[in-house]
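A quick write-up on the structure given underneath.
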Amino acid sequence: MKNERVSRMSYTTREEARKDIARYIEFWYNLKRLHSAVGYRPPREVHAEFENLRLAA
């Protein structure tokens with residue numbers, strides 16, 4: 001995340017940095033970024049699949 005976001009931004013306050021990083025994680029990292037640990041699928045997709053299986057059981 002340091003290479004993808006933090007090193008490319010300039011923050012004036014700690015609060016501004018916290019909000020930007022949280023927004024980045026929620027809207028990019030969790031939605032779109034593929035993860036090898038879950039078969040190169042986005043975490044939200046894996047979570048939705050888990051929830052569907054849990055509800056079907």
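Tell me which residues, restricted to region 23-57, are hydroxyl-bearing (Ser, Thr, Tyr) and either touching a strand residue (DSSP E or B) at 6+ places or on another chain (Cβ under 8 Å) or outside any loop (DSSP other than H, G, I, E, B) (or both).
24, 29, 36
Tell me the residue from 45, 15, 51 that is among the charged types (D, E, K, R), surrounded by 11 or more Cβ atoms within 10 Å (Cβ to Cβ) and either at pLDDT 85 or above or under 12 Å from the mean Cα position of the chain (by Cα) (or both), please.
Residue meeting the stated conditions: 45.
The values are calculated or read from the model by the stated rules, or taken from the named source; none is laboratory data. Fair warning: this is a prediction, and the values are worked out from it, not measured in the lab. For neighbour counting, all protein chains shown are included, and Cβ atoms are generated from backbone atoms with ideal geometry for every residue, glycine included.
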